[in-house]
Amino acid sequence: MTSLTILDGGMSRELQRLGAPFRQPEWSALAMMETPDIVKQAHKEFIQAGSRVVTTNSYALVPFHIGEQVFKDRVAELATNSVAVAHAAVAESGENVLVAASVPPLFGSYRADLYEADRFDEIARPLVTALQAGKPDVWLNETQSLLAETLAMKALIDSIDTDHRPYWVSFTLEDFEPSDTPKLRSGETVREAVQAMAEAGVDAIMFNCSQPETISDAIRVTKEVLASNSDTRIQNIKVGAYANAFAPQPKDATANDGLDEVRPDLTPDTYTGWVKEWKTLGADMIGGCCGIGVEHIAAIKALNL
């Protein structure tokens, strides 16, 4: 069994804890605009806690959050700087840490129904081009709800990234009851998603911004699908997880209207119970999403998995 790669945790609450400005609709993008030094400090806090991958603070750098005009005027500057700030945090920490470029859902979290295929290139291309200019170590296309958007993003990055950096994709799941047939928020099954991603040539398949209960089922299905393939490359695709600490989110959830309340039961101690389960199921990379903080990452590191 391979050793565990520890990811970072949720950025927005860490930024708030460190005193960064915060309001909707800009969300975590506001800190990138006004206090990049606090963004760097947040990365350093996660690294100190044990993260060996830090994710750029570029998740909210889309028109959905910062507006059409600000996106047009500033996305190149802000996205490139998000990678530079993460690299600076790594350099100052002195640790061997990867910088993952966060490529978010373009039209709002959880809402596959809001996807606009005819606007995909208009938004995705300038964001990806700017992130690449900062020279991240890997791509992380995260909180994906819909295969159509994910496949379009993989194709776009393949066409832009001449350095062929590793491409990691992370899906968000229907939250409710655990199931033998876990699904994306679009209703597409995890089995369908894993098969599609394996064929697309991704390097890692993860699940994030969902309840830990549903993530366990998704990892189990993912490992089954990968193991059943005769292609060694597909069998070796990494699997990961970084849950949120939210209550179940309904299908009509409004993406990022505000900070959702977190579940009181997902303390660092109880979260590590899920971490151990995911590692046993075959996860290679584990961290946390919204509501999972520095203290949770430190608890994961203490497991020495």
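FYI, it's all coordinate maths here, none of it is from the lab. Just so you know, these numbers come straight off a predicted model, no measurement behind them. Don't worry about glycine lacking a Cβ; one is built from the backbone with ideal geometry, like all the others, and counts go over all protein chains shown.
Criterion first (over 16 Å from the mean Cα position of the chain (by Cα), farther than 14 Å from Ile123 by Cβ and of a type outside the set (Ser, Thr, Tyr)) does Glu95 satisfy it? Full working, then the answer.
Details: over 16 Å from the mean Cα position of the chain (by Cα): yes; farther than 14 Å from Ile123 by Cβ: yes; of a type outside the set (Ser, Thr, Tyr): yes.
Yes; evaluated as a whole, the condition is true for this residue.
Could you please let me know if Arg74 is over 26 Å from Asp175 (Cβ atoms) and in contact with a Leu (Cβ under 8 Å, 6 or more places away or on another chain)?
Working: over 26 Å from Asp175 (Cβ atoms): yes; in contact with a Leu (Cβ under 8 Å, 6 or more places away or on another chain): no.
No: the conditions fail for Arg74.
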Restricting segment 17-36 to residues that are in a helix (DSSP H, G or I) and free of Cβ contacts under 8 Å to residues at least 40 places away in the same chain, the one surrounded by the fewest Cβ atoms within 10 Å (Cβ to Cβ) turns out to be Glu34
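Picking from Thr162, Thr222, Thr143, which residue would you name as being surrounded by 22 or more Cβ atoms within 10 Å (Cβ to Cβ) and closer than 24 Å to Ala79 by Cβ? Before you say what the answer is, go through the steps one by one.
Numbers: Thr162 fails: surrounded by 22 or more Cβ atoms within 10 Å (Cβ to Cβ); Thr222 fails: closer than 24 Å to Ala79 by Cβ.
Going through Thr162, Thr222, Thr143 in turn, just one is surrounded by 22 or more Cβ atoms within 10 Å (Cβ to Cβ) and closer than 24 Å to Ala79 by Cβ: Thr143.
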As an exercise: evaluate Ala200 against (1) surrounded by fewer than 24 Cβ atoms within 10 Å (Cβ to Cβ); (2) over 19 Å from Ala155 (Cβ atoms) and give the number of the one condition it does not meet. (2)
Long-range neighbours under 7 Å by Cβ, at least six apart or interchain, first residue among the polar types (S, T, N, Q) within segment 184-198, second outside any helix (DSSP H, G or I): Ser186/Ser145; Ser186/Leu146; Thr189/Thr181; Thr189/Lys183
